[in-house]
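The values are calculated or read from the model by the stated rules, or taken from the named source; none is laboratory data. What you are looking at is a predicted structure, and each value in this text was computed from that prediction instead of being measured. A quick note on method: Cβ atoms are made from the backbone with ideal geometry, for glycine too, and the neighbour counts reach across all protein chains shown.
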Amino acid sequence: MNEKIFLIIALIIVLAAAGWLILRPKGSKVEVPAGSQSGDLIIEPCEIKMNGTRYKADCGTLVVAENRNNATSRLIALPITRIHSSAENPAEPIFHFTGGPGQSNMGFKPPVWLLANHDIVLIGYRGVDGSSKLDCPEVSAAITGVGGDVLSSDSLDNLSIAMSACAKRLIAEGVDLNGYTIPEVVEDMEAARKALGYKQINLLSESYGTRVAQIYAIMHSDSLKRSAMIAVNPPGHFVWKPEIVDEQVKYYAELCHQDTKCNKSTSDLAATIRDVNQSMPKRWLFIPIDPGKVKVVAFSLLFHRNTAPVIFDAYLSAEAGDSSGLAIMSIAYDFIMPNMMTWGEFFAIGYSADFDPNINYREELMTPDAILGSPMSLLVWGSAANFPVAIMPEEYRHVHPTDIETLLVSGSIDFATPAEFAETELLPSLRNGQHIVISEQGHTNDFWSFQHAAAERLLTSFYTTGKADDSLYSYLPMDFKPAMRFTVLAKILTFTGLLLFVGLGLLINHFIRRHKAARVSRSREN
């Protein structure tokens, strides 16, 4: 299939591929087995199909307490999958922690070269996977906003009310929200390690999962041999700061200036984005344009180098008078955001980990003069001040020195997890740490999508020796040519919609005329 046609058809998939904007895997219902106790593992042989190949595995259920600090806590069940290595005597297994929060930990498809020497173990995230799922339909309904701007005070107030309503309902249903914290997630992983009989394990974590890995190292350092973190999120960085986001936009603007074709489109890409954001039209044709929704989608698609050019093209077109791409972004928000996350778990984890009661998030994150600012943080943190979950202990809210061999991998242009925080805040505490920054790479998908041989060498060398070999990486200049254009998509969808409308009108007219003709015929017969 032609790539551009495929990308047009797969718009939602493209949007979903941008960082935490991903489609959540749908797992089967997991229940707590009758008569089970906390720590029980019920597991049996199974097969996992990946890329057309079947792998031997074990599939089952791990039973844990919802809140280990409550002696009378109810039990919850989590799915667990162990994919067996192809080696007869594999090295330490790799436990994988995906990004989020609010997203499943059961969707990772490990490359064959990881399975060559390691079992891969996936344990569901509490609150997302398993018997207790913190869905918030109240939030899904409210997150589309009120009025014409999803980032307005009225919209944020409405979202805050929805969060509170969701929390109250969950509590009334018997959910203990204080059990949905990163330390509890870590204890789930440790319970799985013990139940599976592993003395030590390796970790492979991504984005939010790197925070789980960091706290695992604090709580159970003896259980870990090596830890590789891709797109590192140190403590405090679930909140994206507007000034940091704008600096990254400026970095892209400089790359655009150095690119001959991009430089012909604009003398200053950052200025173009700021100007469009500050004078955004209210609609294109009959389609409303919500400025807040446009900014949230823009921020999300800037996570990766293959989707960022789509955003730049939409802004450049808008500057030239064609705002159709912005209209598509506004529409896309309504398709993606309501069910993008398991919102209850998202807020419980994020709030308990990084909330600071001394910060007025709405005031700090509303930056009308910014280039792009931090629209996603304004949306979720500007609304979450009253989510009723306890803040996790202070010892887990800052970095700790560790001797564990640790690899940090960052992209130089990662809007979600900027490389500078891994370098300046986490690396100094790692006595056996190494930080690899890959130029012009974005968030997690870029690591798995580009330079596959280099990624393989990097991780396999690290898990084998404790030292990562990045010698196969080469410089990939940024390509500003969009793989698809929202402006083209807007015209196609509009034209298709008009054709359907006209076709429906003709069809209705046809049936009306046939009905009238039949009535006339019957009248003549009578």
Q. Can you name the residue in the stretch 437-466 that is among the polar types (S, T, N, Q) and touching a residue at least 40 places away in the same chain (Cβ under 8 Å) and, of all such residues, is surrounded by the fewest Cβ atoms within 10 Å (Cβ to Cβ)?
A. Thr464
Q. Is there a residue being modelled with pLDDT under 95, out of contact with any Phe, Trp or Tyr (no Cβ under 8 Å at 6 or more places or on another chain) and assigned to a helix (DSSP H, G or I) anywhere in the stretch 168-179?
A. no
Q: Quick one: count up the residues across the stretch 335-353 that are surrounded by fewer than 20 Cβ atoms within 10 Å (Cβ to Cβ) and under 16 Å from Ser383 (Cβ atoms).
A: 1
**Q.** Subset of the stretch 240-265 (residues that are surrounded by fewer than 20 Cβ atoms within 10 Å (Cβ to Cβ), in contact with a Ser or Thr (Cβ under 9 Å, 6 or more places away or on another chain) and β-branched (Val, Ile, Thr))
**A.** Ile244
Q: Residue by residue through the stretch 99-125, note down the ones that are surrounded by fewer than 24 Cβ atoms within 10 Å (Cβ to Cβ) and either of a type in the set (Ser, Thr, Tyr) or touching a Cys at 6+ places or on another chain (Cβ under 7 Å) (or both).
A: Ser104
Q. Taking Ala77, is it of a type outside the set (Asp, Glu), surrounded by 16 or more Cβ atoms within 10 Å (Cβ to Cβ), in contact with a helix residue (DSSP H, G or I) (Cβ under 8 Å, 6 or more places away or on another chain) and farther than 30 Å from Asp290 by Cα?
A. no
Q.
Given the criterion of a type outside the set (Val, Ile, Thr) and assigned to a loop (DSSP other than H, G, I, E, B), identify the matching residue among Phe299, Phe238, Phe312.
A. Phe238
Q | Selection status of Val128, buried (at least 19 other Cβ atoms within 10 Å of the Cβ), within 30 Å of Thr460 (Cβ to Cβ), among the hydrophobic types (A, V, I, L, M, F, W, C) and in contact with an Asp or Glu (Cβ under 8 Å, 6 or more places away or on another chain) | A | yes
Q) For Ser474, all conditions in the list (1) under 23 Å from Ser221 (Cβ atoms); (2) assigned to a loop (DSSP other than H, G, I, E, B) hold save one; what is the number of the exception? A) (1)
Q: State all residues of the stretch 348-378 that are in a helix (DSSP H, G or I) and in contact with a helix residue (DSSP H, G or I) (Cβ under 6 Å, 6 or more places away or on another chain); if no residue qualifies, say none.
A: Ala348, Ala353, Tyr361, Leu365, Pro375, Met376, Ser377, Leu378
Q.
Among the residues of the stretch 455-478, what is the count of those that are hydrophobic (A, V, I, L, M, F, W, C) and closer than 20 Å to Pro90 by Cα?
A. 4
Q) For Ile120, all conditions in the list (1) in contact (Cβ under 8 Å) with a residue 60 or more places away in the chain; (2) under 25 Å from His443 (Cα atoms); (3) assigned by the TED database to the domain that holds Glu456; (4) not polar (S, T, N, Q) hold save one; what is the number of the exception? A) (1)
Q) Which residue, of Phe95, Phe108, is without any contact (Cβ under 8 Å) to a residue 24 or more places away in the chain, in contact with a strand residue (DSSP E or B) (Cβ under 7 Å, 6 or more places away or on another chain) and either of a type outside the set (A, V, I, L, M) or under 30 Å from Thr465 (Cβ atoms) (or both)? A) Phe108
Q) Which one of the conditions (1) touching a Lys or Arg at 6+ places or on another chain (Cβ under 9 Å); (2) among the hydroxyl-bearing types (Ser, Thr, Tyr); (3) closer than 19 Å to Ala213 by Cβ does Tyr333 fail to meet, given that it meets all the rest? A) (3)
Q | Residue list for the stretch 185-200, filter: within 14 Å of Tyr396 (Cβ to Cβ) and either without any contact (Cβ under 8 Å) to a residue 60 or more places away in the chain or more than 21 Å from the chain's Cα centre (by Cα) (or both) | A | Val186, Glu187
**Q.** Residue that is farthest from Tyr252 (Cα to Cα) [pool: residues in the stretch 414-429 that are surrounded by fewer than 23 Cβ atoms within 10 Å (Cβ to Cβ) and in contact with a Ser or Thr (Cβ under 7 Å, 6 or more places away or on another chain)]
**A.** Ser429
Q. Going by the structure shown, is Asn202 assigned to a loop (DSSP other than H, G, I, E, B), over 29 Å from Asn339 (Cβ atoms) and out of contact with any Gly (no Cβ under 6 Å at 6 or more places or on another chain)?
A. no
Q: Quick one: in the stretch 417-442, of everything that is part of a loop (DSSP other than H, G, I, E, B) and either in contact with a His (Cβ under 6 Å, 6 or more places away or on another chain) or among the hydroxyl-bearing types (Ser, Thr, Tyr) (or both), which residue is farthest from Val239 (Cα to Cα)?
A: Ser439
Q) Can you find a residue in the stretch 135-144 that is part of a loop (DSSP other than H, G, I, E, B), surrounded by fewer than 24 Cβ atoms within 10 Å (Cβ to Cβ) and either in contact (Cβ under 8 Å) with a residue 24 or more places away in the chain or out of contact with any helix residue (DSSP H, G or I) (no Cβ under 6 Å at 6 or more places or on another chain) (or both)? A) yes
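Residue-by-condition table, conditions (1) in contact with a Lys or Arg (Cβ under 6 Å, 6 or more places away or on another chain); (2) at pLDDT below 95:
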| site | (1), (2) |
| --- | --- |
| Met229 | no, no |
| Lys250 | no, no |
| His257 | no, no |
| Thr266 | no, no |
| Ala270 | yes, no |
| Ile287 | no, yes |
| Gly292 | no, no |
| Ala298 | no, no |
| Ala314 | no, no |
